[in-house]
Amino acid sequence: MNSIFINNIWKSKKFANTFWAVVSKLISGVKLVVIGVIVARSLGPEDFGSYNYVISFVTLLSVLAEFRFHNILIREISEQNAKTELILGSTFISCIMFSILGYISLTMLVYVFESDKNLQWFILLFGISYFFQTLRFLRALFIAKLKNNIIFKIETTVGIVVIILALLFGFGKGSVLLFILLRIFDVFLVSILFLFFYQLIYKNLFEWKFSRDFSWGLIKNSFPLVISSLALVVFQQFDKIMIKQILDEYSVGQYSASVSIISLIVFIPIVITEAVSPYLIQMKIIKNAEDYKIRLQIFSDYIIWGSIVLSFIIMLLSPIIIQIVYGPKYYESIAIMKVFAWQGVLIAMGAVSAQIMIIDNTHQIAYLKSISGGILNIVLNIFWIPKYGIMGAVFASLLAYGISSYIIHYFIKRYRYIFFIQSKSLTHGLLNIYYNLKKINDKNDKT
């Protein structure tokens, strides 16, 4: 049965869709890493730390500004619970409102928590990107409609343009300001191209409709995921802010150098789970419960063990990666990367659980586990960064991820079945994958 599941994906449009999704996200991740490398080499650890501090500060509230409708939209469009024009129009108006709310909140936080005038200016400037992100929800439409090849075209085009500009800035001894402006342009160009391709394909941009009831329902359904996403952003960004506040910008630069490379691992499992999600939704509708459970298990097995392999490779190659990519100024990042490499596994487990919750429509209390992990991460950072330095932030992040992405599922009755799916993947997943691939190979030989 498992072999049929994988074989169906391989031979159908779903596999092509998944392939384009992975490549697109990988291009996006590579783009950010390349920009990070250029900035790091051009500015040095201290200014690179300031740059990352600004990005992290703004990203903290990006969850509120976007309100993370993405996953719910994929489900709504895949299930066709309402007309696409109504879904898109309602989402667009909602995104605009939350962008305004996000920027107002950012402005207040900046003047409360940051006293450096230059950093205040940089943060408020980069915060303008909130308004350009309002059209990024169109990514969910292309995913649900199995058109990830469009996302690939957009990410490739933007990636090439932005990297060329970053190289020009780097060779011209760019400043923190120039690279922040480049990041704003990056967000703007992606959104414009999403809109362009949407109108090119569907030609009904001016037919979008707003429904207060649908918009409110979308907000209510997305709210638990917003809380979960906020906790995820806390995991990814808050540590940099605390390192800057407790230590200095130089330490943020060393920490960010390793984190930017690890982010590539994070992209892959997240985008695969998103790309396969529409297929799993359809399978749940047309298949019986037992078949669906089998598909969920093999889905978890492949994602988790794929991430384990990637994390192990990154850990082994971390000295070479830092030496080649960043140079001798960032050798302190090697130890950080060796440990942080395993974050990819924990995030993959979180991505699997998040998609299962969305497909099963059990995501309403997901914020409980995310809040727990976020609070734990903040508390551990407060105590461990002064005592253990940068490595304190690394271990705090890993422990918080482990709790929120895996352990806590056992203690929440609604999610206990996810804990057992994840546990089975860790203990028997590799063996399951072996037999699954063997069945596929045997079936192909017969045909």
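The values are calculated or read from the model by the stated rules, or taken from the named source; none is laboratory data. It should be emphasised that the depicted structure is a prediction, and the values quoted were computed from it without experimental measurement. Neighbour counts are summed over all protein chains in view; Cβ atoms, including those assigned to glycine, are modelled from backbone coordinates with ideal geometry.
Okay, here's what the table says:
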item	result
Unmet criterion (only one of (1) in a loop (DSSP other than H, G, I, E, B); (2) within 27 Å of L218 (Cβ to Cβ)) for S115	(2)
Any hit, the stretch 150-168, residues being of a type outside the set (S, T, N, Q), modelled with pLDDT under 90, buried (at least 20 other Cβ atoms within 10 Å of the Cβ) and not in a helix (DSSP H, G or I)	no
Looking only at the stretch 413-441, and only at residues there that are under 21 Å from S353 (Cβ atoms) and of a type in the set (A, V, I, L, M, F, W, C), the one that is modelled with the lowest pLDDT	I433
Selection count where residues are assigned to a helix (DSSP H, G or I) and of a type in the set (F, W, Y), scope the stretch 312-358	3
Looking only at the stretch 373-385, and only at residues there that are touching a residue at least 24 places away in the same chain (Cβ under 8 Å) and in contact with a helix residue (DSSP H, G or I) (Cβ under 6 Å, 6 or more places away or on another chain), the one that is farthest from Q343 (Cα to Cα)	I385
Tabulated pairs, the stretch 166-191, first among the charged types (D, E, K, R), second surrounded by 20 or more Cβ atoms within 10 Å (Cβ to Cβ) and modelled with pLDDT of 90 or more, C-beta under 6 angstrom, 6+ apart or interchain	D186/V162
N361 at negative phi, of a type in the set (S, T, N, Q) and either surrounded by fewer than 22 Cβ atoms within 10 Å (Cβ to Cβ) or part of a helix (DSSP H, G or I) (or both)	no
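Residue by residue, here is whether (1) surrounded by 22 or more Cβ atoms within 10 Å (Cβ to Cβ); (2) modelled with pLDDT of 80 or more holds:
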position	(1), (2)
F57	yes, yes
L73	yes, no
S78	no, no
A82	no, no
V112	no, yes
